[in-house]
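Please read the structure below before turning to the comments.
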Amino acid sequence: MRAIEQCACAWVEINVSVRDLTIAESIQARNNQAAERELLDCAELPGITFKPPIGAQAAYMIERRTAFEADKFYTEAIQ
């Protein structure tokens, strides 16, 4: 329901009945909602880091080495 998303109402029994929130409850609900949204905006969750598969790391290193060698060849060729 839109009223719940806007922090105007809260479930009494989930998917059965709702009640209006007081102004103080509404403010607290919006603050909680904003705090949860900030956590979700992070690229990484606290304590969890992304480690790419070993094959992907090896492919990346080969690609970077090839790019380095191509750059070196080009700079030597134009001199």
Selected residue (criterion: modelled with the lowest pLDDT) from residues of the range 40-61 that are part of a helix (DSSP H, G or I) and surrounded by fewer than 10 Cβ atoms within 10 Å (Cβ to Cβ)
D41
So which residues in the range 1-33 are assigned to a helix (DSSP H, G or I), at pLDDT below 90 and surrounded by 10 or more Cβ atoms within 10 Å (Cβ to Cβ), if there are any at all?
A3, I4, Q33
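The values are calculated or read from the model by the stated rules, or taken from the named source; none is laboratory data. Quick caveat: nothing in here was measured; it's all calculated off a predicted structure. Positions of Cβ are backbone-derived with ideal geometry, glycine not excepted, and every protein chain shown enters the neighbour counts.
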